[in-house]
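Student: Before I ask anything, let me first share the structure, which is written out below as structure tokens.
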Amino acid sequence: MLHAAYLMPLFPLAGFAVLAVFGRKIGNPLAGWLATGTVTASFAIALVTLAGMIGEPASHRSFVETLFTWIPVSALHVQVGFLIDPLSLVMVLFVTGVSAVIHWYSIGYMAHDEGYARFFVYLNLFVASMLILVMASNLVFTFVGWEGVGLCSYFLIAFWYDRPAAASAGKKAFIMNRVGDAGFLLAMFVLFNALHTLSIPAILAHLGDLSTGTATAAALLLFLAATGKSAQIPLFTWLPDAMEGPTPVSALIHAATMVTAGVYLMVRMSPLLHRATDVSEVIAIVGVATALVAATIASTQNDIKKVIAYSTVSQIGYMFLAVGVGAYTAAIFLMVAHAFYKSLLFLSAGSVIHGLHDEQDIKKMGGLRKFMPWTFAAFMAGWLAIAGVPPLSAFWAKGAVLVHAFSYDIGLWIVGAITAVFTAYYMGREFYIVFYGDERWRRLEVIKGDPHESPWVMRGPLVILSVLAAIGGLLDLPFHPHLDFLSSWLAPVVGSVSRHSSVGVGGEWALAITDSVLAVIGVTLAWRLWRVTADARHLEPAFLQRAWLVDETYDKIFARGGEALAGFLANVVEAKIIDGAVNGTASGLRWMGSGLRRIQTGYVRNYAIGIVLGLVAILAWMLVRAGV
Amino acid sequence: MSLFFLSALVLPKIAWSAILPELILLAAPLVLLAVSALSARRLPTGVYAGGMGAAGLASLGASVWLWTQVTPHGAGTAVDGAIAVDGFSVLVMILVSSVVVLAALIGEGYLRREGIGGPEYYVLAMFSAAGAMLMASADDLVLIFLGLEIMSIALYVLAGLDARRQGSGEAAMKYFLLGAFSSAIFLYGIALVYGATGSTNLPQIADFLAHNVASSDGLLLAGMALLLVGFFFKIAAVPFHMWTPDVYQGSPTPVTGFMAAVAKAGGFAALLRVFFASFGLLRDDWQPVIWLVAVVTLLVGAVLALVQRDVKRMLAYSSINHAGFILVGLEAATTRGIAASLYYLFVYGFMVVGTFAVVTVIARRGDEAHDLGSYRGLAQRQPFLAAMLALLLLAQAGVPLTTGFLAKLYIISAAVEAHSYALAVIAMVSAAIAAFFYLRVVVLMYAGAKSGVGLPAPLAATGAGEGAGSGELSPVAAYGPGAASAAELEGDRPEASRPDGAGGGEGHGEPDAAGVPATIALAIALCAGFTLLFGIWAQPVVELARQATLLFH
């Protein structure tokens, strides 16, 4: 087996370094190809590692590759090391694979942007950070990746920093993530305090030493971190705003990879959740609630990317539902499938936006299927895939989640099933408004002439992702024990802590048929309601359009409240007390300095006196010690 | 018994290999002198620099080879017990050899610029380095004194190398007078210790103390006091520090950097060895002294650096502050404390040499432009220099991901483990004070060009397009310290008369961009690279320092 995991983040990191320094000189389009090449190289290494790992027996598929000790401080030894096992390898494979495709697409999408090279600098840094996140062998190093992807996310959301909306969206994402990051840090403190280690394998091996209270606290804090990064209730409002970033960023970071990091963290720490069952229930409820809330909001949005963004929030809700009910394989399965069809949807949307010169309001689109046949087909594939139409990928992946939810608690299943109808509906609504109906852009003069299909560098990735979105379900087929590739692959990691469904084969068939019916209902609704008209205000209640007023409420409580508190702190505490103390100290020190300075006369004789006085003092002490 | 060293020279069992680095650095200058005397015409300074660089590399190689000998076989002695061959001495040799190579690179650029010919700089620097190595490896007080004098006398002359500048001569004279004074005190200390213990050999002293209750022996304690004063002078601890600002300021800038690294290395190495290894049993007597001296050194160094406008003086006080930190490690009087001090000493050498190398370039021809004003807006005129200096200063301030952070971390954690809580707190406070004057320079370099106007507030760059000027990573550039005005940061003497603006502030009409000699640039990059690389990849150097202390003779 190939023991060179460090190469995987190293390639994009090297790409980052080279592009950061020479990016402008390398220029357009070579910088983009270079960035794509580094990520592809990582993907190739991941494939080689996979090939080696398949050849090993299941019990030998996990190893830690330590490069060096990063922080050696007495009891704390933080290694720079990589934990390679079936789980992290799945993550690495789909992260590098999808990243490579999206890098490729970006070469076309960003071709006319002034910040072309800068874009790939961030993108490569992002991939390196993401790989560190998923492969790190200890929580501190995971946190490095965790913060790294957060930082890149901030850079890329605010990529067009001269747009105030983009700049503030970047800040919003960063600040909301800080709330979650605090949870991550506290979880590390709790775990280190109890177990005196931060190495992931060591923590998981010694979970028995944790009291239930400690395990619950650590699991809850990690889940708080996950809600921030993965945009779940209560920290989900940053993700729709994050759509201010370039569309490939939305596809890569805010759909396929980074936002699923929370789910990955939960699965990675699944033995901990196994010890803290209360937390699992919380996760399941939060997940399914987020899924439903976000799906209802998505049904009313008019920004082509915001619909998909809320859809992402909703889909990640499903993944957390899976985590909560102990179906870790299903969570990963949905994550991978989601990466395929969601990046497909985003890239298709990007193609539309590109064709209409940066127009994002779907109410100004319409009838585009004639002008952008490739995009049309790709978007449709994405829509049907996410809707759960058999035999496309989400049918299998979402189906697996719902089977486990049903087996755990029928209430969870009902909410999940309603969400499934919404899912098929909102994506269909967008599909029909954009590609069918009147050519509203003509009347509104969005562009001059007809929109054009995107160039081949953008169409190629669409084709690849369409195929993957369609056949992604092959990863883990139910019904037959030799077809559940992903389940048996992940079994060494999560098998012992997973909950097994008690539904039975007959039940699974019944649920699968129900899922199909639900999907068809959603699709039909969208077809009937939105195929002809784009104007149906009664279907878009203001409460949902304004996202359940969550932003407004946060604004009132946290932003206004925070502002008032900040005002008090700034004008009273800071200005009077802290500044007073600091300025007092500073002027005191300066005064001391000026005073002491006078001793520094410049005369050798005075310096010699200094030495003598010091000598006398030390001698006096010594003689006192000697008792003379 | 002290004469045994001399008689040992004629014995056949001298392990020449154990003192190979010193021998190289003593032989090479003799060769250079001979070459210079015999050659018919004036040789270009690059020839001598090449010689010194080669000697430094050879000595570095020899030191590394010694390390490979010491690590498996353990510590030992050579030359009839006068020389300790242990990890501690070898690590200091590695440091000093590296500094020699760097000093050759920096000196070449400097001497070429100033038009100072001849082999003096190189010859003296190598002698001085050999002296420092001898101090580190000497296992006998007399030999330590010998090393001290070899090192110091060369440094006195080096300080006065730039004969055209009055300040250089003044520095040499002050350093020499006070140095001679302190050497006399040191020598007297050796005499008293010999009187009390009957030996100048460090293991024998330790042996004597182990078998005799000598703690109330006034003679011995007085001798220890005098030895301490001699060391304190060399490492510039308060109140024996007063020569430092004048000498650092007056000496040619590359010499200042060399002096700061090598004199501190030699002085501290001997201090740590003598007091930890020989007088370890008397720690109750010397620990309080070290405690008090460390406290005043930390505070005086940091506070007085605040009010300096001359960068070299500021760095002189900063070096005093660093000496205080290293003393904190000795005060702990534990293996971990000594390892922390050694690590600090090692990484500080690279930081300070790199810093003074940048200062050398910025000072320009004549070596005069040391006012803080010369650093204003440097980032736009000399982005490379500004970035390197920022890195090195941040490292000195103890910012994470640099060796400077780890050095302070290990010192403070050693103090905490030794229950010296008060000292640890004072050290941290002094580091906080010190951060101000390091950051002041960084702020001036990066924001000073927009003089008069306040610095951009945090995140302002993301909103306004003008922040894009800072290049690829503009959101990063948005992190600026608060909205304090650059003029306010510049210290206590506002300069209304100075014309403001980028490039202003210097009378010389030299072009800015082309001003960095390649050799100096290489040295700067090496120092900064070391500081950053081993700040992130911490293990190797930390492990080196730990092993070196375990292999203490």
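The values are calculated or read from the model by the stated rules, or taken from the named source; none is laboratory data. Just so you know, these numbers come straight off a predicted model, no measurement behind them. Positions of Cβ are backbone-derived with ideal geometry, glycine not excepted, and every protein chain shown enters the neighbour counts. Note: accessible area is taken over every heavy atom of the protein model, side chains too, but ligands, DNA and RNA are not part of it. Shrake-Rupley method; radii C 1.70, N 1.55, O 1.52, S 1.80 Å.
Student: Just by accessible area at a 1.4 angstrom probe, what is the order of B:ASP86, A:ASP241 from largest to smallest? Walk me through the numbers before you get to the answer.
Tutor: Details: B:ASP86 0, A:ASP241 40 Å².
From most accessible down to least: A:ASP241, B:ASP86.
Student: In this model, which of A:LYS172/A:LYS448; A:LYS229/A:LYS306; B:LYS264/B:LYS408; A:LYS364/A:LYS398; A:LYS342/A:LYS370 are farther than 26 Å apart at the alpha-carbon?
Tutor: The answer is A:LYS172/A:LYS448; A:LYS364/A:LYS398.
Student: Moving to a separate point now. If packing is taken as the mean number of other Cβ atoms within 10 Å per residue, what is the order of A:99-105, B:254-260, highest first?
Tutor: B:254-260, A:99-105
Student: Can you divide the C-alpha Rg of region A:248-361 by 2.2 N^0.38 Å and report the result to two decimal places?
Tutor: 1.14
Student: What's the ranking of A:343-349, A:531-537 by average number of surrounding C-beta atoms within 10 Å, highest first? Each step should come with its number before you reach the end.
Tutor: On the way: A:343-349: 30.9, A:531-537: 13.7.
Going by the mean number of other Cβ atoms within 10 Å, highest first, we get A:343-349, A:531-537.
Student: Once amide H atoms are built 1.01 Å from N in the peptide plane, which residues 5 or more positions from A:ASN138, or in another chain, come under 5 Å H to H?
Tutor: Here A:GLY81, A:ILE200 satisfy the definition.
Student: Let me ask something else about it. In what order, largest first, do B:ARG546, B:ARG364 sit by accessible area if the probe radius is 1.4 Å?
Tutor: Values: B:ARG546 110, B:ARG364 30 Å².
The ordering from most to least exposed comes out as B:ARG546, B:ARG364.
Student: Could you please state, rounded to a whole Å, how far the C-alpha centre of region A:424-495 is from the C-alpha centre of region A:359-378?
Tutor: So the two Cα centres are separated by 14 Å.
Student: For a test of the definition: using alpha carbon positions, the gyration tensor, and the 1.5 limit on a/c, classify region A:440-573 as rounded, prolate or oblate. Before the final figure, lay out the partial values.
Tutor: On the way: a/c = 1.89, a/b = 1.26, b/c = 1.50.
It comes out oblate by the Cα gyration axes.
Student: How fast does region A:204-294 diffuse by Stokes-Einstein, in µm²/s, taking the Kirkwood radius from C-alpha pairs at 25 °C and 0.890 mPa s?
Tutor: 175
Student: Whenever you get a sec, line up A:SER587, B:SER251 from highest to lowest accessible area (probe 1.4 Å, protein heavy atoms).
Tutor: A:SER587, B:SER251
Student: Ignore the peptide's own chain and count Cβ atoms of other chains within 10 Å of each Cβ in B:179-187; give me the average, rounded. Spell out each step's value before the answer.
Tutor: Numbers: counts 0, 0, 5, 3, 0, 0, 3, 0, 0.
Neighbouring Cβ atoms belonging to other protein chains average 1 per residue here.
Student: A further question on this structure: Counting only other chains, and only Cβ atoms inside 10 Å, what mean value do you get across the residues of A:603-616? Each step should come with its number before you reach the end.
Tutor: Numbers: counts 3, 11, 1, 1, 11, 6, 2, 7, 13, 5, 2, 12, 11, 2.
Per-residue shielding by partner chains comes out at 6.
Student: At a probe radius of 1.4 Å, what is the per-residue accessible area of B:ILE411, in Å² to the nearest 10?
Tutor: Rounded to the nearest 10, that gives 0 Å².
Student: Run the 1.4 Å probe and let me know the accessible area of A:LEU221, rounded to the nearest 10 Å².
Tutor: Roughly 40 Å² of A:LEU221 is accessible to a 1.4 Å probe.
Student: Something else now. Can you tell me the relative contact order of chain A? Whole percent, Cα pairs under 8 Å, sequence separation 6 or more.
Tutor: Across chain A, relative contact order equals 12 percent.
Student: Further question on the same structure: Given an 8 Å cut-off on Cα distances and at least 6 residues of separation, report the relative contact order of region B:245-362 as a percent.
Tutor: Once divided by the residue count of region B:245-362, the mean separation gives 38 percent.
Student: Leaving ligands, DNA and RNA out of it, work out the accessible area of A:SER270 with a 1.4 Å probe and give it in Å² to the nearest 10.
Tutor: Estimated to the nearest 10 Å², A:SER270 gives 0 Å².
Student: Where a ≥ b ≥ c are the square roots of the eigenvalues of the C-alpha gyration tensor, would you call region B:255-309 rounded, which needs a/c under 1.5, or, failing that, prolate if a/b is larger than b/c, or oblate?
Tutor: oblate
Student: Which of the aspartates and glutamates could a cross-linker bridge to B:LYS174, judged by Cα under 18 Å and excluding same-chain residues fewer than eight apart?
Tutor: B:GLU149, B:ASP162, B:ASP246
Student: Near the amide H of B:ALA138, under 5 Å away, which other amide H atoms are found, from residues 5 or more places off or on another chain, if H is placed in the peptide plane?
Tutor: Under 5 Å from the amide H of B:ALA138 lie the amide H atoms of B:ALA84, each far enough along the sequence or on another chain.
Student: How would you classify region B:159-214 from its alpha-carbon gyration tensor, with a ≥ b ≥ c the square roots of the eigenvalues: rounded for a/c under 1.5, else prolate if a/b is greater than b/c, otherwise oblate?
Tutor: Prolate shape, in that a/c is at least 1.5 and a/b is the bigger ratio.
Student: So for each of A:369-381, B:350-362, A:59-71, A:460-472 I average, over its residues, the number of other beta carbons within 10 Å; can you give me the resulting order with the highest mean first?
Tutor: Details: A:369-381: 19.8, B:350-362: 27.4, A:59-71: 15.5, A:460-472: 21.5.
Packing proxy ranking, top to bottom: B:350-362, A:460-472, A:369-381, A:59-71.
Student: Pop out the ³J(HN,Hα) list for region B:21-32 in order, Karplus 6.51 cos²θ - 1.76 cosθ + 1.60 with θ = phi - 60°, rounded to Hz; leave Gly and Pro as x.
Tutor: With the stated coefficients, region B:21-32 comes to x, 4, 4, 4, 6, 8, 6, 4, x, 5, 4, 4 Hz.
Student: Right, another one. Karplus couplings for region A:435-443 from phi (6.51 cos²θ - 1.76 cosθ + 1.60, θ = phi - 60°), rounded to Hz, Gly and Pro as x?
Tutor: Coupling constants for region A:435-443: 9, 10, x, 5, 8, 5, 4, 5, 5 Hz.
Student: With the radius of gyration and the Kirkwood radius both derived from the Cα set of region B:115-202, what is their ratio Rg to Rh?
Tutor: 1.09
Student: Less than 14 Å Cβ to Cβ from B:GLY198, Lys/Arg counted +1 and Asp/Glu -1: what total charge do the surrounding residues give?
Tutor: Details: positive: none; negative: B:ASP140, B:ASP207, B:ASP217.
Summing Lys/Arg as +1 and Asp/Glu as -1 gives -3.
Student: For region B:322-392, what is the convex hull volume of the alpha-carbon atoms per residue, in Å³?
Tutor: Looking at region B:322-392, the number lands at 92 Å³ per residue.
Student: Cα centroid distance between region B:302-321 and region A:6-53, in Å?
Tutor: Rounded to whole Å, the Cα centres lie 45 Å apart.
Student: Can you run phi through the Karplus equation (6.51, -1.76, 1.60; θ = phi - 60°) for region A:552-565 and list ³J(HN,Hα) in whole Hz, with x for Gly and Pro?
Tutor: Whole-Hz 3J(HN,Hα) from phi for region A:552-565: 4, 5, 4, 4, 5, 7, 7, 5, 5, x, x, 5, 4, 4.
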